Amino acid sequence: MVLFGPPGAGKGTQAQLLAEQLKVSHISSGDLFRQHLQQGTPLGLRASEFMNRGVLVPDEVTIDIVLDKVLSLNAEDGFILDGFPRNRNQAEVLEDALMRRARGLDKVVYIQVPEPELVKRLAGRYSCRQCQAPHSIPKESLGPEGSAPDLTCQRCGGELYQRPDDRPKAVQKRIQVYQDETLPVLSYYQDRGILAEVSGVDKIECVNHRVLEALRASEPAGC
Ligand code: AMP
């Protein structure tokens, strides 16, 4: 399946939960780039130039790194894609690659969140340097200049930091890029009859429940 939605919709949070519940792999294109950057690879350094500006990393870099991961799984193993595809070309290349393995996507779940809520969420989002889990930190818990000195990841105890692209200037650009380049991909999946929409404005557990319901609705009768 693909988890689709704007930056800040909660795709990463939901994908981590679903991956544990459904015992499938979570593949996040953004996490793959950040892992490369942490390791100082040329690919990571190149990707970060685009990420820090809030624009898409070029397809010739992105597609290979994501498809390598997807195609490294057994054909019968499930996966959750988070942050990919982000434009029509990526959606087409993904479909071709999956069709060659005779198993297409079951579902694309679109998590909808209005823009003012996205901006608010991203301003308070801190991510774990180790496992990348996103955390929502209230303003009063932050130190000078938005530092998060004593805060550690609830999942693995790692250090929390604010992603450079979660700062206000990059956030505006990312939302713009989402509207211009990514949102048109929705009609691609609508045409294939595999798109479900859920509201992402609620507690994490409630959104999780909605996504699971959307997935169940796609199971063949009798399951
Ligand atoms: P994310 O962690 O999904 O918010 O992604 C962070 C940044 O990584 C994005 O703003 C893009 O610069 C880059 N990125 C992630 N996924 C893709 C993708 N599928 N295509 C192009 N760029 C991507």
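The values are calculated or read from the model by the stated rules, or taken from the named source; none is laboratory data. Keep in mind it's a predicted model, so treat the numbers as computed, not measured. Glycine gets a Cβ as well: all are built from the backbone with ideal geometry, and neighbour counts include every protein chain shown. When the accessible area is computed, the model is the full protein with side chains, heavy atoms only, and any ligands, DNA or RNA have been set aside. Shrake-Rupley method; radii C 1.70, N 1.55, O 1.52, S 1.80 Å.
Residues in the range 120-135 that are away from the ligand (no atom under 14 Å from the Cβ) and in a helix (DSSP H, G or I): Lys120, Ala123.
Do the conditions hold for Gln14, that is, is it more than 12 Å from the ligand (Cβ to nearest atom), in contact with a strand residue (DSSP E or B) (Cβ under 7 Å, 6 or more places away or on another chain) and open to solvent by less than 20 Å² (accessible area, probe 1.4 Å)? When the stated conditions are applied, Gln14 passes them. Of all the numbered requirements in (1) over 20 Å from Val211 (Cβ atoms); (2) under 14 Å from the mean Cα position of the chain (by Cα); (3) touching a residue at least 40 places away in the same chain (Cβ under 8 Å), Leu32 misses one, and that requirement is (3). Of everything listed in (1) open to solvent by less than 30 Å² (accessible area, probe 1.4 Å); (2) in contact (Cβ under 8 Å) with a residue 40 or more places away in the chain; (3) not small (Gly, Ala, Ser), the single unmet condition for Lys69 is (1).
Condition check ((1) in contact (Cβ under 8 Å) with a residue 40 or more places away in the chain; (2) more than 16 Å from the chain's Cα centre (by Cα); (3) more than 26 Å from Arg216 (Cβ to Cβ)) across all residues:
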site	(1), (2), (3)
Val109	yes, no, no
Leu118	yes, no, yes
Arg125	yes, no, yes
Cys131	no, no, yes
Lys139	no, yes, yes
Gly143	no, yes, yes
Thr152	no, yes, yes
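On inspection, Val2 does not qualify as of a type in the set (Val, Ile, Thr), more than 15 Å from the chain's Cα centre (by Cα) and open to solvent by less than 50 Å² (accessible area, probe 1.4 Å).
Each row is one residue, and each column tells you yes or no for (1) surrounded by fewer than 19 Cβ atoms within 10 Å (Cβ to Cβ); (2) modelled with pLDDT of 95 or more; (3) not β-branched (Val, Ile, Thr).
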| site | (1), (2), (3) |
| --- | --- |
| Asp166 | no, no, yes |
| Gln176 | yes, yes, yes |
| Gly200 | no, yes, yes |
| His209 | yes, yes, yes |
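Restricting attention to the range 61-105, the residues being of a type in the set (Asp, Glu), more than 12 Å from the ligand (Cβ to nearest atom) and either modelled with pLDDT of 95 or more or farther than 30 Å from Cys206 by Cβ (or both) number 5.
Taking each residue of the range 50-63 that is closer than 13 Å to Asn89 by Cβ and looking for partners that are assigned to a loop (DSSP other than H, G, I, E, B) and more than 6 Å from the ligand (Cβ to nearest atom) with beta-carbon atoms closer than 8 Å, six or more apart or interchain, yields Leu56/Asn87; Asp59/Asn87.
Outside any loop (DSSP other than H, G, I, E, B), more than 10 Å from the ligand (Cβ to nearest atom) and surrounded by 19 or more Cβ atoms within 10 Å (Cβ to Cβ) - does that describe any residue in the range 34-50? Yes: one or more hits. Residues in the range 86-97: is at least one in a loop (DSSP other than H, G, I, E, B) and in contact with a helix residue (DSSP H, G or I) (Cβ under 9 Å, 6 or more places away or on another chain)? Yes: one or more hits.
Within the range 3-28, residues that are at positive phi reach partners that are basic (Lys, Arg) and within 15 Å of the ligand (Cβ to nearest atom) with beta carbons closer than 6 Å, at six or more positions or on different chains, in the pairs Gly5/Lys11; Gly8/Arg121. Of all residues in the range 102-146, those satisfying the criterion of being surrounded by 12 or more Cβ atoms within 10 Å (Cβ to Cβ) and on the phi > 0 side of the Ramachandran plot are Gln132, Gly146.
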